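Okay, structure first, notes after.
The values are calculated or read from the model by the stated rules, or taken from the named source; none is laboratory data. Fair warning: this is a prediction, and the values are worked out from it, not measured in the lab. We place every Cβ from the backbone using ideal geometry, glycine too, and count neighbours over all the protein chains shown. Heavy atoms of the whole protein, side chains included, go into the accessibility calculation; ligands, DNA and RNA do not. Shrake-Rupley method; radii C 1.70, N 1.55, O 1.52, S 1.80 Å.
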Amino acid sequence: MERRKITLPLTRELARTLHAGDQVLLTGTIYTSRDAGHKRMCEALAKGEKIPFDPTDATIYYVGPTPAKPGEVIGSAGPTTSGRMDAYAPTMMSVGARGMIGKGARLPEVVEAMKKYDGVYFGAIGGAGALLAKCIKKAELIAYEDLGAEALRKLYVEDMPLVVIIDSEGNNLYEEGRAEYLKDHAE
Amino acid sequence: MREIEVNRLTEVIEKLCIEANEHLPEDVKDAIKTCRACEDGEIAKGVLDNIIENFDIADSENVPICQDTGMACVFLEIGQDVHFTGGDLNDAINEGVRRGYDKGYLRKSVVKDPVRRGNTGDNTPAMIYTEIVPGDQVKITVGPKGFGSENMSQIRMFKPSAGLQGIKDFILEAVETAGPNPCPPMVVGVGIGGTFDKCALLAKKALMRPLNTENPDPYYADLEKEMLEKINKLGIGPQGFGGKTTAIGLNIETMPTHIAGMPCAVNINCHVTRHKTEVL
């Protein structure tokens with residue numbers, strides 16, 4: 001199947017052209033964060049403070065990579081379960097972040113926020129950390145170093161293979177893909 | 001009586017932590033490839049191709065298959081004629097994990113307190129399971145367990161009247177609830193019987209059994225086949241995007257239980273079902 005190449009930043013206009021089930025190759029700058037990093041960023045925002053990167057049109061990858069071996073950019077770097085970031089995702093979108101890369105189901109309130117802010121939820125293949133690391137060309141630690149694997153990193157990725165799971169209209173590949181399979185294989 | 005220096009365990013566990021995280025067992029690879037050959041959806045085929053490419057990269061470049069290099073589950077079957085010398089057994093095991101996760105550039109994913117958190121920084125302590133068996137050997141298995149799938153596991157204390165149907169419904173319910181979260185295609189470990197805690201351990205042990213083996217009791221071997229087929233008709237598919245391959249294997253382990261009970265535990269694992277064994 002043809003994969004569509006897209007280049008960040010993820011503007012509202014670009015986000016609206018993406019649909020659940022689209023297979024894409026993503027190029028550009030993204031930021032990494034998971035449970036502890038999100039908690040800290042949302043606490044900062046609640047106090048009226050800035051977060052360590054400009055969230056405008058930003059895409060966040062839910063990942064805690066393995067340490068880079070000498071000479072390597074990064075270690076294995078596949079997605080973690082996105083549902084644990086559901087408590088924070090609407091807040092992140094409210095300050096401008098638009099793209100999320102992870103795996104697994106999202107709560108209805110996240111989908112509602114995505115419809116409001118034109119958010120896009122991309123799926124990377126869970127458990128394919130060695131393969132996904134190949135797409136990461138640059139990695140820079142930008143904040144929260146004390147969190148170890150959960151520290152905030154700025155990554156530059158090239159042709160990262162992703163699938164749009166939930167689009168800005170709320171269409172959901174988890175529901176549609178399964179329904180389609182069951183319809184085609186009805187006994 | 002055979003004496004074994006505990007530092008030999010440290011060395012073996014260091015090695016097993018690294019090897020288990022970089023090289024998927026052949027039976028798991030074969031199961032994934034078999035499922036790939038049977039898929040017909042475009043997205044499902046693409047996902048399985050990427051999964052195969054991923055474990056090939058890990059094999060050839062000696063890098064972790066998945067970034068969640070897990071909690072180190074260490075199973076020891078200790079011959080009753082063995083005497084450990086030269087130090088504390090638990091310290092020796094944890095030292096092996098510490099060295100393996102450091103030298104192997106594996107992720108340190110353990111927090112020192114379940115509520116107050118705080119990374120221990122070296123992936124210890126290991127989850128240690130010991131069993132005393134006849135003989136003078138020590139069988140060591142390291143199974144790094146990721147938590148994307150561990151979080152989707154369930155246990156239920158059934159009344160005996162729930163019968164086989166209750167267990168079948170529960171297994172399907174657990175997989176259905178897990179949905180796309182545990183990185184399907186999954187491996188399903190089922191424990192039936194024992195007490196609350198033994199039942200959960202049976203489910204974990206079921207995940208350590210190769211996928212090309214079956215339960216020695218034909219009754220449960222048939223149940224393994226039946227439930228795998230039923231799971232693969234749910235349509236969840238690779239990564240939850242829809243398809244035939246929701247699970248690549250299902251193993252059941254059982255033990256006797258009380259007249260009043262029928263515990264059943266379902267331990268979910270992802271397609272990166274890692275384990276490596278060595279005998280001293």
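Kindly give the semi-axes, whole Å and largest first, of the ellipsoid equivalent to the protein assembly as shown, taking each as the square root of 5 times a Cα gyration tensor eigenvalue.
That gives 37, 28, 20 Å for the three semi-axes.
Grab the DSSP H runs of chain A that are 4 residues or longer, score each as -39,500 (n - 2.57), total them, divide by all residues and round the 222 nm result to the nearest 500 deg cm²/dmol.
-7500 deg cm²/dmol
So for segment B:1-136, averaging the separation of alpha carbon pairs under 8 Å that are six or more residues apart and normalising by length, what relative contact order in percent results?
37
Once amide H atoms are built 1.01 Å from N in the peptide plane, which residues 5 or more positions from A:I166, or in another chain, come under 5 Å H to H?
Long-range HN contacts for A:I166: A:Y121, A:L173.
As a quick test, which of the pairs A:K69/B:K45; A:K103/A:K137; A:K115/A:K183; B:K103/B:K139 have an alpha carbon distance above 29 angstrom in this structure?
A:K69/B:K45
Sort chain A into rounded, prolate or oblate with this rule: let a ≥ b ≥ c be the square roots of the eigenvalues of the Cα gyration tensor; rounded if a/c is under 1.5, and if a/c is not under 1.5, prolate when a/b is larger than b/c, oblate otherwise.
Judged from the Cα gyration tensor, chain A comes out oblate (a/c at least 1.5, b/c at or above a/b).
Please enumerate, by chain and number, the lysines with C-alpha under 19 Å from the C-alpha of B:K159, excluding those fewer than 8 residues away in the same chain.
Reachable lysines: B:K168, B:K198.
For chain B, what does the helix formula give at 222 nm: sum of -39500 (n - 2.57) over DSSP H segments with n ≥ 4, over the residue count, nearest 500 deg cm²/dmol?
So the helix-based figure for chain B works out to -13000 deg cm²/dmol.
What accessible area, in Å² to the nearest ten, does a 1.4 Å probe give for B:H23?
For B:H23, solvent-accessible area is about 60 Å².
In chain A, what percentage of the DSSP-assigned beta bridges are antiparallel, given to the nearest 5? Before the final figure, lay out each step's value.
Details: 19 of 33 bridges.
Percentage antiparallel, nearest 5: 60.
Nearest 5 percent is fine: what portion of the DSSP beta bridges confined to the protein assembly as shown is antiparallel?
Working: 43 of 77 bridges.
Once the DSSP bridges in the protein assembly as shown are tallied, antiparallel ones form about 55 percent.
Hey, what does the equivalent ellipsoid look like for segment B:149-247, semi-axes from the Cα gyration tensor as sqrt of 5 times each eigenvalue, largest first, whole Å?
Whole-Å semi-axes of the equivalent ellipsoid: 21, 15, 14.
Place a label point 7 angstrom from the Cα of B:E214 along the Cα-to-Cβ direction, then list the residues of segment B:166-195 whose backbone nitrogen is under 16 Å away.
Answer for segment B:166-195: none.
For chain B, the longest stretch holding no trypsin sites (Lys or Arg not before Pro) located in a DSSP loop with at most 11 other Cβ atoms within 10 Å is which?
Longest stretch, sites excluded: B:118-280.
At a Cα cut-off below 19 Å, give the lysines reachable from B:K112, other chains included and same-chain residues fewer than 8 away excluded.
Answer for B:K112, where 19 Å is the Cα cut-off: A:K39, B:K145, listed by chain and number.
Using DSSP, restrict attention to beta bridges with both residues in chain B and report what percent are antiparallel, rounded to the nearest 5.
Of all bridge pairs located within chain B, approximately 55 percent are antiparallel.
Work out the mean other chain Cβ neighbour count within 10 Å for the residues of B:37-44 and drop it here as an integer.
Mean number of neighbouring Cβ atoms from other chains: 3.
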